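Worksheet: one structure, shown below.
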Amino acid sequence: MTNNLKKLKQVLAKEGLRFTCQREEVWKEILSSGEHRDADEIYHSLREKGISVSRATVYRTIDVLVKYNMVRKLDVGVGPSKFEHKIDISHHDHIICMKCGKIEEFVVNQIENLQERVAEQYSFKLVRHIHQLFGICKDCQ
Ligand SMILES: [Zn+2]
Ligand SMILES: [Zn+2]
């Protein structure tokens, strides 16, 4: 069993949930993509692959993965939240279209450094940050 599957097994156990192949498929589906997708898109992708899983199982499993920091939940302002896995993914921020929900990823060193400086100024040791920009993408303007 891979480390990622072991991790799933552990967190399900902590939540008092059984490790089932449906839940395993949900986790594998999220791991297989670098995109930001909502829970329904993840559900439909599984169904298209012929995997028989209920919507409830998909939602419940995602909730657990978010709770244990294996998946990031992005509030996009319009429509449902989007999800991406956090396994071996380097830090990045997001710019989100408020009309169509498109998400681009970016890393700007100056912004990263400035945030460190702000934390320093207030005598905080920075642990993490969430930086999201909201706007209207080129296609939607
Ligand atoms: Zn757009
Ligand atoms: Zn992302």
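At a glance:
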item	result
Mean separation of Cα contacts under 8 Å, 6 or more apart, over the residue count of the chain: relative contact order %	18 percent
Lone cysteines, the chain (no partner Cβ under 4.7 Å)	CYS21, CYS100, CYS140
Kirkwood Rh in Å, taken over the chain so that all alpha-carbon pairs contribute	16.8 Å
The chain: antiparallel DSSP beta bridges as a percent of all, rounded to 5	70 percent
Of all DSSP beta bridges in the stretch 90-141, antiparallel share, percent nearest 5	50 percent
Cβ-placed point charges (K, R +1; D, E -1), dipole of the stretch 92-141 about Cα centre in debye, nearest 20	140 debye
Relative contact order computed over the stretch 96-141 (Cα-Cα under 8 Å; 6+ residues apart), in percent	64 percent
Extreme residue, positive dipole direction of the chain, given options GLY34, GLN121, ASN3 (C-beta unit charges)	ASN3
Cut-off 14 Å, label 7 Å out along Cα→Cβ of ILE111, residues of the stretch 55-95 by amide N	91-95
Gain upon complete extension [ALA13, LYS67; 0.36 nm per residue less C-alpha separation]	18.1 nm
Ascending count of other beta-carbon atoms within 10 Å, so fewest first, for LEU5, LEU74	LEU5, LEU74
Separation of the LYS138 and ASP40 label points, Cα + 7 Å toward Cβ, nm	2.8 nm
Size of charge dipole - the chain - debye, nearest 20, with Cβ of Lys, Arg +1 and Asp, Glu -1, no other charges	600 debye
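No lab work stands behind these numbers, since they all come straight from the coordinates. This is a predicted model, so every value here is computed, not measured. Every residue, glycine as well, gets a Cβ built from its backbone with ideal geometry; the counts of neighbours run over all protein chains shown.
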